[in-house]
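Colleague: Have a look at this one before I ask anything.
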Amino acid sequence: MSEGLTEAELQHYEKQGFVVRRALFDADTVATFDARFAELVADPPGPPMQIMRDVMVAKGAVAPASTLHAVNKLFSFEADDVLFGYCTHAQMAACLHSLLGEEVFSISTNVFNKPPGVDGRHPFHQDLRYYRIRPAEKIVGTWTALRMATRQTGCLAVLPGSHKGGLLEHGYPDWEYVNHGFYAALDVDVSQREYVELEPGDTLFFHPLLLHGSGRNRSDGFRRAASAHFVAGDAVSTGSKPWRDNPLVRKIP
Ligand SMILES: O=C(O)CCC(=O)C(=O)O
């Protein structure tokens, strides 16, 4: 039987807005996800899965060394049995049930690919900005390194405790190259940020109000991560359509 989060881990999540579980996925599983990502980029199955090019590539500011060097993210991988194994993996499910209770659903999925040679920064933001589901406590984000995530490769940075405030106003940052949809929380002091350095398989669980972002990849290799958002069954929609009616929603066993 898979172990969920410990009492100490749950307390850390409650207080800081995030918790890291080391080696949630073993090396073989990580390699399988990483290889599948490369296969899908080489031969995209089409909607609902989408593959987004980096803005610098799209605007002709850099010439990518390969197809993989052009990709910023792949999203909506629910229909792919290999990648969706990220969401249904027994250890992952056990941790999600610890945080969200018995009934858990995935609502969105991504592979974030940060190639070398592009700006690729992700400004500090709160993921709740993207969801019309409440209350915030019923949503959890996960981010799992598929490649080394260090300060040099552009790991995530978080502002501990920032989930205790409300949802801030967001807009596009004043940068020359910003990827589509990468909004920034306005007027935030991120001087107390903490860098979340992860080895492949390590997983960050984070609250949707936690301020987080990521820097440039200054290495020669890729920084890559699988990520998803999950919701408790009793969360409610604030938009016109019930969140459960979204065809991408999947129940987690
Ligand atoms: O992978 C990244 O660099 C940023 C991902 C992110 O901000 C998110 O998952 O909300």
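Colleague: Calculate one ³J(HN,Hα) per residue across the range 55-64 by plugging θ = phi - 60° into the Karplus curve 6.51 cos²θ - 1.76 cosθ + 1.60, and present them in order as whole Hz with x for glycine and proline.
Modeller: Taking θ as phi minus 60°, the curve returns 4, 5, 5, 4, 8, x, 7, 9, 9, x Hz for the range 55-64.
Colleague: Which net charge results when you count Lys and Arg as +1 and Asp and Glu as -1 among the other residues whose beta-carbon is under 15 Å from that of R129?
Modeller: For residues surrounding R129, the net value is -1.
Colleague: Please give every one of the lysines within straight-line cross-link reach of K73, meaning a C-alpha to C-alpha distance under 17 Å, and leave out same-chain neighbours fewer than 8 residues apart.
Modeller: K73 reaches K59, K114.
Colleague: In debye, nearest 20, what is the charge dipole magnitude of the range 30-98 about its Cα centre with +1 on Lys and Arg Cβ and -1 on Asp and Glu Cβ, if you could check?
Modeller: Using only the charged Cβ atoms, the result is roughly 280 debye.
Colleague: Spin-label point model (7 Å from Cα, Cβ direction): what's the D34 to L68 distance in nm?
Modeller: A separation of 0.8 nm, rounded to one decimal place.
Colleague: If you don't mind, another one. If you plug each phi of the range 195-212 into the Karplus form 6.51 cos²θ - 1.76 cosθ + 1.60 with θ = phi - 60°, what whole-Hz ³J(HN,Hα) values come out, in order, with x for Gly and Pro?
Modeller: 7, 9, 7, 10, 8, x, x, 5, 10, 9, 9, 9, 6, x, 9, 5, 6, 8
Colleague: Which far-off residues, 5 or more places away or on another chain, put their amide H under 5 Å from the one on S108, with H placed in the peptide plane?
Modeller: H229
Colleague: Listing T67, T32 from the residue with the fewest other Cβ atoms within 10 Å to the one with the most, what is the order?
Modeller: Fewest-to-most ranking of T67, T32: T67, T32.
Colleague: Considering the options L96, V188, T153, tell which one lies farthest towards the positive end of the dipole of the chain, charges being +1 on Lys and Arg and -1 on Asp and Glu at the Cβ, about the Cα centre.
Modeller: It is V188, whose Cα lies furthest towards the positive end.
Colleague: Cut-off is 10 Å between beta-carbons; in what order do Y86, Y172 appear when sorted fewest neighbours first?
Modeller: Neighbour counts put them in this order, fewest first: Y172, Y86.
Colleague: I've got another one for you. Taking Cα centroids, how far is the range 141-173 from the range 1-70 in Å?
Modeller: If you average the Cα positions of each part, the centres end up 14 Å apart.
Colleague: Separate question: Farthest toward the dipole's positive end in the chain, which of L167, A35, G141, given Cβ charges of +1 (Lys, Arg) and -1 (Asp, Glu) about the Cα centre?
Modeller: L167
Colleague: Mind checking the dipole of the chain: about its Cα centre, +1 per Lys or Arg Cβ, -1 per Asp or Glu Cβ, Debye to the nearest 20?
Modeller: Magnitude of the dipole: close to 500 debye.
Colleague: Additional query: Please report Rg (one decimal) and Dmax (integer) in Å for the Cα set of the chain.
Modeller: Just the Cα atoms of the chain yield Rg and Dmax of 17.1, 50 Å.
Colleague: I would also like to ask the following. Which of H212, H89 comes first, and how do the rest follow, when ranked by fewest Cβ neighbours within 10 Å?
Modeller: Ascending Cβ contact count within 10 Å gives the list H89, H212.
Colleague: Which value in nm describes the separation of the simple spin-label points at R151 and T88, placed 7 Å from the Cα toward the beta carbon?
Modeller: It is 4.1 nm.
Read-outs throughout are calculated quantities, based only on the coordinates presented, and are distinct from any laboratory measurement. Values in this document were obtained by computation on a predicted structure and should not be read as measured data. No Cβ is skipped: glycine too gets one built from the backbone with ideal geometry, and neighbour counts run over all protein chains shown.
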